[in-house]
1. Filter the range 303-315 down to residues that are within 15 Å of Ile236 (Cα to Cα) and in contact with a helix residue (DSSP H, G or I) (Cβ under 8 Å, 6 or more places away or on another chain) and give me whichever is surrounded by the fewest Cβ atoms within 10 Å (Cβ to Cβ).
2. Among (1) outside the structural domain of Val221 (by TED's automatic domain parsing); (2) basic (Lys, Arg); (3) in contact with a helix residue (DSSP H, G or I) (Cβ under 6 Å, 6 or more places away or on another chain), where does Lys325 come up short?
3. Might you check whether a residue that is crowded, with 16+ Cβ neighbours inside 10 Å, more than 22 Å from the chain's Cα centre (by Cα) and not aliphatic (A, V, I, L, M) occurs anywhere in the range 2-21?
4. Which one of these does Asp55 not meet: (1) among the acidic types (Asp, Glu); (2) part of a loop (DSSP other than H, G, I, E, B); (3) modelled with pLDDT of 95 or more?
5. For Gly338, are the conditions met, namely being in a loop (DSSP other than H, G, I, E, B) and either touching a Phe, Trp or Tyr at 6+ places or on another chain (Cβ under 7 Å) or not assigned by TED's automatic domain parsing to the domain that holds Tyr211 (or both)?
6. Identify all residues within the range 318-330 that are closer than 15 Å to Asn148 by Cβ and either without any contact (Cβ under 8 Å) to a residue 40 or more places away in the chain or assigned to a strand (DSSP E or B) (or both); write none if there are none.
7. Among the listed residues Gly42, Gly49, identify the single one that is under 30 Å from Phe333 (Cβ atoms) and either in contact (Cβ under 8 Å) with a residue 12 or more places away in the chain or touching a Pro at 6+ places or on another chain (Cβ under 6 Å) (or both).
8. Might you check whether a residue that is touching a Phe, Trp or Tyr at 6+ places or on another chain (Cβ under 9 Å), surrounded by 16 or more Cβ atoms within 10 Å (Cβ to Cβ), modelled with pLDDT of 95 or more and in a strand (DSSP E or B) occurs anywhere in the range 59-82?
Amino acid sequence: MTSLELQPLLWPVDWAYASGMPQSEAHIKTHCSDFLVTEHLGYEPCGEGEHVYLDITKTDTNTDFLARNIAKLAGVPARQVNYSGLKDRRGITRQWFGVHLPGKAESVDPDWQLLQSPEVHLHQVIRHQRKLKTGVHQGNFFAIRLCNIKASDALEQKLAVISQQGAPNYFGDQRFGHHGGNLSLALSMMQGKRIKDRFKRGMALSSVRSYLFNQLLSQRVSDGSWLKAAVGERCIFSDGFSQFEACEPSALAGVQQRIDTGDLAPTGVMAGRVGNPLVTPASVYEAQVLAPWLPWIEALVEQDLTAQRRSLRLWPKDFSWQWCKGNVLELNFHLMRGSYATALVREIAHAEQPKS
């Protein structure tokens, strides 16, 4: 395969809706306080070690930008500052950052209070023995206010359906960059352009995998199979941490019952190298859906990316909603790591963001 075989990935794309195209219009992130996120790390730093954990609330601030500022303050390379997950820039988001300071005692730590600003609030500093790894957090709590949205029976029905079955677990538009810029960057990379920034390279490759996953999920939503188990289907538990082995024909009915009750969800492939793949109805279906993008899949394999599986269902735990004064709908829920709140919102309403 040569890079010339790669065709640009079309953008924008209108992925399929599970409960029909929403009829409601709304404004999202009108104010940063309309989009609150709190990261649930899932464990407590032990209080000692060569990794410094910073518990920070940021307002209208890019996660990677803040990480680079932390690196400058600590006098370390950017690669020594880590975070578990990217958080939305426009919003008020609380999350952990980790700084690796090998051989440095607390007495020579930088003055972390210098991070404080109108946009950054430092809650606590605590040491830990292990690096803060990407994707290690358990999930995020969201409180989102949709403004200028009108109540209706159809909207209430949509909210009820989401509370019962969840929503398609699409990657949000922010994964693809402004006007799909990350996808264009990925094409340039595959055609030989050198991208020095490690973060940008990673985001470009990730955007391609996310795009292909969304295409697969959209097709399964369209044909009604996104919550249906097939022979050879690989499912994931609703806690998001362990997967259910491929279904045998005799187990199909039992697996489907567990999907219906929310205990399991089918998965879709995050494209990459697959070792000794089994040929099953589920794998044949995926190959057929993704066939138009086979050159891109081969390009991802050449980048030494290994295939992974991702839940097709976004499952909002403790999902609730209430109407506030002035045509404001407030949503509260918890999502497992890797899921996008904007993917849930898009199923509810056409939500327009402020121009930035």
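1. Restricting to residues being within 15 Å of Ile236 (Cα to Cα) and in contact with a helix residue (DSSP H, G or I) (Cβ under 8 Å, 6 or more places away or on another chain), the top hit is Arg310.
2. (3)
3. No; the residues of the range 2-21 include none that is crowded, with 16+ Cβ neighbours inside 10 Å, more than 22 Å from the chain's Cα centre (by Cα) and not aliphatic (A, V, I, L, M).
4. Answer for Asp55: the failing condition is (2).
5. yes
6. Trp323, Cys324, Lys325, Val328, Leu329, Glu330
7. The conditions single out Gly42.
8. Among the residues of the range 59-82, at least one is touching a Phe, Trp or Tyr at 6+ places or on another chain (Cβ under 9 Å), surrounded by 16 or more Cβ atoms within 10 Å (Cβ to Cβ), modelled with pLDDT of 95 or more and in a strand (DSSP E or B), which makes the answer yes.
The values are calculated or read from the model by the stated rules, or taken from the named source; none is laboratory data. Everything numeric in this text was worked out from a predicted model, so none of it was measured. FYI the Cβ positions are ideal-geometry reconstructions off the backbone, even for glycines, and counts take in every protein chain you see.
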